[in-house]
Amino acid sequence: MLTGKWFITGGAGFLARAIYRRAAREGWNCQFTAFSRDDSKHVLLHRRFPWVHSVRGDVAADRTLLRAAMRGHDGVIHAAAAKYVDLSETAAWDTVRTNTHGSEHVLLAAFEAGIQQVVAISTDKACSPVNVYGMTKATMERLFVESARWADWKPVCVRYGNVIGSTGSVIPMFQRQLAELGHVKVTNPNMTRFWMGADEAIDLILLALSDRAQPGSVVIPYVKAMPLGEVVQAACGDDVQVQVIGERAGEKRDERLIHYEESVRVIRHSDFFEVRPPGERLGELPFTLSSNTPQHWMTSDEMRAMIADAATI
């Protein structure tokens, strides 16, 4: 669990709300500040979690506000991002502004405010990136890794796949399409993706902030995968009508969480991988962690349970 005062960028979004829910359920001795630029999300946040303090702001704007708002906190969870892969392909300037320069502002503001722990939320799209979203997240990771050299503090990243029900997730979109159109549009049912529930994502954040992960690391879970066609059936029913529309701009058929080149600097723990900074070589034989050859496949029952849970966040 978290204790003390925590500042969350993107603090009115799905992952942040899951953290507040978990804190309330488990009675964490913790205070939160939600930093977000979306007024409508702030209104909804206050209805459900009135005890969460909020500050309206943009991570990519003047970092003076960020630094001032962060002062007095014990740690930062950086979850703010432009998350839609296809939209980012035609909005490169804004995606770079938010995901790269915004992350730079978060790091500098946290450092200047004297905060000791900062964790950033990354994505499998940052591994061998082929789209703007992935490239900006890969750059964010490197900023966090390099900043670990500045002082005795702990910047760290977590990298994982799709959090079921989160902003940018296809599952709510599939369900809306079924309700509105009577069928579901799928890019390619044979595509595979990594999937995890909100609490699994939170567990990884807590792990990254613990003494088990070193500053400057990228922490990656042992996570399950599922083909997109099976995801549609789990979300919408086995007899759902599917229209195949082809891959969108910037999409891969399969995703990776670890690529061959960085695998030689991976530490294998019993329950997670830890990628160490460039230049370190730990003697690991090269390997890859891909969604078409995962350690475990997710079952339909597991997917349905996580979809049901996501609907309550």
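Side notes on the structure shown:
- Matching residues in region 62-71 - criterion: being touching a residue at least 40 places away in the same chain (Cβ under 8 Å) and not in a helix (DSSP H, G or I): 71
- Of the helices (runs of 4 or more DSSP H) contained entirely in region 72-148, those carrying at least 2 residues that are touching a residue at least 40 places away in the same chain (Cβ under 8 Å) and surrounded by 17 or more Cβ atoms within 10 Å (Cβ to Cβ) fall at 85-88, 102-112, 132-147.
- Checking residue 69 against (1) surrounded by fewer than 21 Cβ atoms within 10 Å (Cβ to Cβ); (2) under 22 Å from residue 122 (Cβ atoms); (3) of a type outside the set (Val, Ile, Thr); (4) touching a Ser or Thr at 6+ places or on another chain (Cβ under 8 Å), the condition it does not meet: (2)
- Within the set 23, 34, the sole residue that is without any contact (Cβ under 8 Å) to a residue 40 or more places away in the chain and either basic (Lys, Arg) or in contact with a Cys (Cβ under 7 Å, 6 or more places away or on another chain) (or both) turns out to be 23.
- Region 114-154, residues that are more than 23 Å from residue 262 (Cα to Cα) and in contact with a strand residue (DSSP E or B) (Cβ under 9 Å, 6 or more places away or on another chain): 115, 116, 117, 153
- Meets criteria (in contact with a strand residue (DSSP E or B) (Cβ under 6 Å, 6 or more places away or on another chain), in a loop (DSSP other than H, G, I, E, B), of a type outside the set (A, V, I, L, M) and touching a residue at least 40 places away in the same chain (Cβ under 8 Å)) for residue 215: yes
- Figure legend. Inter-residue proximity from region 284-296: first residues over 13 Å from residue 259 (Cα atoms), second residues in a loop (DSSP other than H, G, I, E, B), beta-carbon distance below 6 Å, spacing 6+ or different chains. Indicated pairs: 292/254; 295/222.
- Scanning region 46-60 for residues that are touching a helix residue (DSSP H, G or I) at 6+ places or on another chain (Cβ under 9 Å) and either more than 16 Å from residue 71 (Cα to Cα) or surrounded by fewer than 13 Cβ atoms within 10 Å (Cβ to Cβ) (or both) gives 48, 49, 51, 52, 58, 60.
- Residue that is β-branched (Val, Ile, Thr) and more than 14 Å from the chain's Cα centre (by Cα), where the choices are 156, 130, 163, 119: 130
- Flag if residue 226 is more than 29 Å from residue 116 (Cβ to Cβ), in contact with a helix residue (DSSP H, G or I) (Cβ under 6 Å, 6 or more places away or on another chain) and of a type in the set (A, V, I, L, M, F, W, C): no
- Qualifying position, being at pLDDT 95 or above and touching a His at 6+ places or on another chain (Cβ under 6 Å), among 120, 81: 120
- Residues in region 142-166 that are more than 17 Å from residue 194 (Cβ to Cβ), among the β-branched types (Val, Ile, Thr) and in contact with a helix residue (DSSP H, G or I) (Cβ under 8 Å, 6 or more places away or on another chain): 156 only.
- If the condition is being part of a strand (DSSP E or B) and surrounded by fewer than 16 Cβ atoms within 10 Å (Cβ to Cβ), then region 228-258 contributes 243, 244.
- Every residue from region 169-196 that is part of a loop (DSSP other than H, G, I, E, B) and either among the hydroxyl-bearing types (Ser, Thr, Tyr) or surrounded by fewer than 18 Cβ atoms within 10 Å (Cβ to Cβ) (or both): 169, 182, 183, 187, 188, 189, 190
The values are calculated or read from the model by the stated rules, or taken from the named source; none is laboratory data. Computed from a predicted structure; not experimentally measured. Cβ atoms come from the backbone with ideal geometry, glycine included; neighbour counts cover every protein chain shown.
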